[in-house]
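To keep things clear, I will list the structure first and then write my remarks on it.
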Amino acid sequence: MPDLDYLVIAPHPDDAELGAGGTILLLKAQGARIGVLDLTDGEPTPHGSPEIRKRETDAATAILALDWRGNLGLPNRSLVADLEARSRLAAALRQLRPHVLLAPYWEDAHPDHVAASQLVDAARFWAKLTKTDLPGEPYYPQRIIYYFSVHLRLHPKPSFVLDISSHIEAKMNALACYRSQFIEGRPAIPRSVLEELRDRARYWGWTIGADYGEPFLCREEVGLRSLRDLV
Ligand SMILES: [Zn+2]
C-alpha cells in the first residue's frame with residue numbers, strides 16, 4: 001500500500017466519482033498521489049450485481065488514474081459505524097497514511113452515507129492511538145474535507161468550490177462507467193441522470209465564475225499560503 005496524499009473514502013463505488021471525480025482528476029494532473037477506499041460493494045441495486053459493479057468500478061478507476069483503490073468489504077445497505085468497522089478503517093488509514101481525507105458529507109437520506117461520514121471521523125481519531133491492537137504505526141490525517149454525494153436536495157454553504165472545468169469531460173466519462181447506476185432503467189427525458197449531474201457541476205462552477213466546479217465543506221477553517229489560486 002502506498003503513502004497517499006489524498007484518500008477519498010466512499011460509502012459505495014460511484015460516490016467518490018460523484019462528489020470528487022473532477023477534483024481527483026485535477027489533483028492527479030498536479031502530481032498528487034490519490035486513492036479511493038470504497039467501504040462497501042454497493043450491491044444489491046436494481047440493475048447491478050457485484051460482478052457488474054466491480055467492472056464498472058475498474059473502468060472508472062482507470063479513467064481517474066488512481067494510485068490505489070480498495071474496498072473495505074463492509075455490508076451495503078446496513079453500514080454501521082460500529083467498533084469493528086472503525087477498527088478496520090483505522091487500520092487502513094495507518095497503512096495508507098494519507099495527508100488529507102475526503103469524506104462524505106454527514107447529512108443525507110441514505111443511512112449508509114450518514115454512517116460512513118461518522119465512521120471516517122471516528123476512524124481518523126482511532127488511527128492515531130498508541131497502545132492498541134491496531135496494526136501499523138499511529139497516524140493522524142491532517143485534514144478532513146467533506147464532499148457532496150447526497151440523496152437529499154440540500155444546499156449547504158460550502159467552504160470552497162474547486163474549479164474542475166478542465167476535467168469535466170473525464171469526470172462525466174468516469175460516471176458513465178456506472179451504467180447500472182446512472183443509465184440502465186433511468187429515464188432520459190426530460191433530462192438523464194448524467195445530464196443532471198453535469199448541470200449541478202455547471203451550477204457550482206457558476207458560483208465561482210468558472211465553467212464547472214465541485215463544492216467541499218470543512219468543519220475547521222481552511223488556511224491558505226497565498227491568494228494566487230483564487231479564481
Ligand atoms: Zn452511495
### Query
Which of the residues spanning the range 151-165 are assigned to a loop (DSSP other than H, G, I, E, B) and over 16 Å from the mean Cα position of the chain (by Cα)?
LEU152, ARG153, LEU154, HIS155, PRO156, LYS157, SER159
### Message
Can you tell me how many residues within the range 109-129 are closer than 14 Å to ALA91 by Cα and among the aliphatic types (A, V, I, L, M)?
### Response
6
### Residue under evaluation MET1, criteria (1) at pLDDT 95 or above; (2) more than 29 Å from HIS155 (Cα to Cα), criterion not met
(1)
### Query
When the range 206-231 is examined, which residues are found to be without any contact (Cβ under 8 Å) to a residue 40 or more places away in the chain and of a type in the set (Gly, Ala, Ser)?
GLY209, GLY223, SER226
### Task
Evaluate the following for LEU134: is it over 23 Å from ASP58 (Cβ atoms) and open to solvent by less than 40 Å² (accessible area, probe 1.4 Å)?
yes
### Task
Answer yes if at least one residue in the range 191-205 is open to solvent by 90 Å² or more (accessible area, probe 1.4 Å) and either in contact (Cβ under 8 Å) with a residue 40 or more places away in the chain or farther than 18 Å from THR23 by Cα (or both), and no otherwise.
yes
### Query
Among all residue pairs at least 6 apart or on different chains, which show Cβ distances below 7 Å where the first residue, located in the range 1-30, is on the phi < 0 side of the Ramachandran plot and the second is away from the ligand (no atom under 16 Å from the Cβ) and of a type in the set (Ser, Thr, Tyr)?
GLY22/TYR212; LEU27/TYR6
### Message
Pairs needed: first member in the range 155-169, surrounded by 14 or more Cβ atoms within 10 Å (Cβ to Cβ); second member anywhere, among the polar types (S, T, N, Q); C-beta distance under 6 Å; at least 6 residues apart or different chains.
### Response
VAL161/THR207; LEU162/THR23
### Query
Within the range 77-116, which residues are within 11 Å of the ligand (Cβ to nearest atom) and assigned to a strand (DSSP E or B)?
PRO104
### Message
So for the range 130-142 (the condition being part of a helix (DSSP H, G or I) and either touching a residue at least 12 places away in the same chain (Cβ under 8 Å) or among the hydrophobic types (A, V, I, L, M, F, W, C) (or both)), does at least one residue qualify?
### Response
no
### Task
Being among the small types (Gly, Ala, Ser) and open to solvent by 30 Å² or more (accessible area, probe 1.4 Å) is the filter; apply it to the range 25-48 and report the residue that is nearest to GLY185 (Cα to Cα).
ALA29
### Task
Only one of these is away from the ligand (no atom under 15 Å from the Cβ), part of a loop (DSSP other than H, G, I, E, B) and more than 17 Å from the chain's Cα centre (by Cα): GLY31, GLY48, GLY73. Name it.
GLY31
### Task
With respect to LEU7, determine if the residue is more than 16 Å from the ligand (Cβ to nearest atom), of a type outside the set (D, E, K, R) and not in a helix (DSSP H, G or I).
yes
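The values are calculated or read from the model by the stated rules, or taken from the named source; none is laboratory data. Model, not experiment: these values are computed from the prediction. Backbone-built Cβ (ideal geometry, glycine too); neighbour counts: all protein chains shown. The protein model used for the area step is the full one, side chains on, heavy atoms only, and it has no ligands, DNA or RNA in it. Shrake-Rupley method; radii C 1.70, N 1.55, O 1.52, S 1.80 Å.
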